[in-house]
Amino acid sequence: MSSEFGNDYVTISDEDGCEFDLEHLDTLEIDGRVYMAFLPADMDEDDEDYGLILLMVTMKDGEEVLTTLDDDDEQAMVYERFMELLSDSIDDDM
């Protein structure tokens, strides 16, 4: 993904084959694992399902794939780290 012209967008498919467009916000490496934060690109901010989407980069058949975080504690920890990073980024812009 290139950020040369602004934010990056990716299209992912769920297990049912439904496609979703996501805006990539940032990437973090924590304890050797890579996590990515996204926002839905094709959803209104007032929608009740709108919010931060956290995915982990894993290897499958030699390719990087994005997977959900199934562990609640891991998800909470990653969410907190991304929120700190995004908060720091907003503070730096002011």
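The values are calculated or read from the model by the stated rules, or taken from the named source; none is laboratory data. Treat the numbers as computed from the prediction; the structure is a model and nothing was measured. Ideal geometry is used to build each Cβ from the backbone, glycine not excepted, and the neighbour counts take in all protein chains shown.
Would you please list the contacts, defined by Cβ atoms under 7 Å and residues six or more apart or on different chains, that run from a residue in segment 6-19 that is modelled with pLDDT of 90 or more to a residue that is surrounded by 10 or more Cβ atoms within 10 Å (Cβ to Cβ) and among the polar types (S, T, N, Q)?
GLU19/THR11
With respect to ALA37, is the statement that it is at pLDDT 85 or above, touching a helix residue (DSSP H, G or I) at 6+ places or on another chain (Cβ under 6 Å) and either part of a loop (DSSP other than H, G, I, E, B) or of a type in the set (A, V, I, L, M) (or both) true?
yes
Could you tell me how many of the residues in segment 58-68 are free of Cβ contacts under 8 Å to residues at least 24 places away in the same chain, of a type outside the set (S, T, N, Q) and surrounded by 10 or more Cβ atoms within 10 Å (Cβ to Cβ)?
Step one: filter segment 58-68 for residues free of Cβ contacts under 8 Å to residues at least 24 places away in the same chain, giving 58-65, 67-68.
The next check asks that each one be of a type outside the set (S, T, N, Q); those that pass are 59-65.
Still in the list and also surrounded by 10 or more Cβ atoms within 10 Å (Cβ to Cβ): 65.
Final tally of qualifying residues: 1.
Whether any residue in segment 18-27 is in a strand (DSSP E or B), β-branched (Val, Ile, Thr) and exposed (fewer than 13 other Cβ atoms within 10 Å of the Cβ) is what I want to check. Spell out how you get there, then give the answer.
Initially, segment 18-27 is screened for residues in a strand (DSSP E or B), giving 19-27.
If we keep only those that are β-branched (Val, Ile, Thr) too, we end up with 27.
Next, only the ones that are exposed (fewer than 13 other Cβ atoms within 10 Å of the Cβ) stay: none.
Checked against the condition, which is being in a strand (DSSP E or B), β-branched (Val, Ile, Thr) and exposed (fewer than 13 other Cβ atoms within 10 Å of the Cβ), segment 18-27 yields no hits at all.
Can you find a residue that is more than 18 Å from ALA76 (Cβ to Cβ) and either of a type in the set (Phe, Trp, Tyr) or part of a strand (DSSP E or B) (or both) anywhere in segment 41-49?
no
Regarding segment 42-49, can at least one residue be identified that is at pLDDT below 90, out of contact with any Lys or Arg (no Cβ under 9 Å at 6 or more places or on another chain) and not acidic (Asp, Glu)?
Checked against the condition, which is being at pLDDT below 90, out of contact with any Lys or Arg (no Cβ under 9 Å at 6 or more places or on another chain) and not acidic (Asp, Glu), segment 42-49 yields at least one hit.
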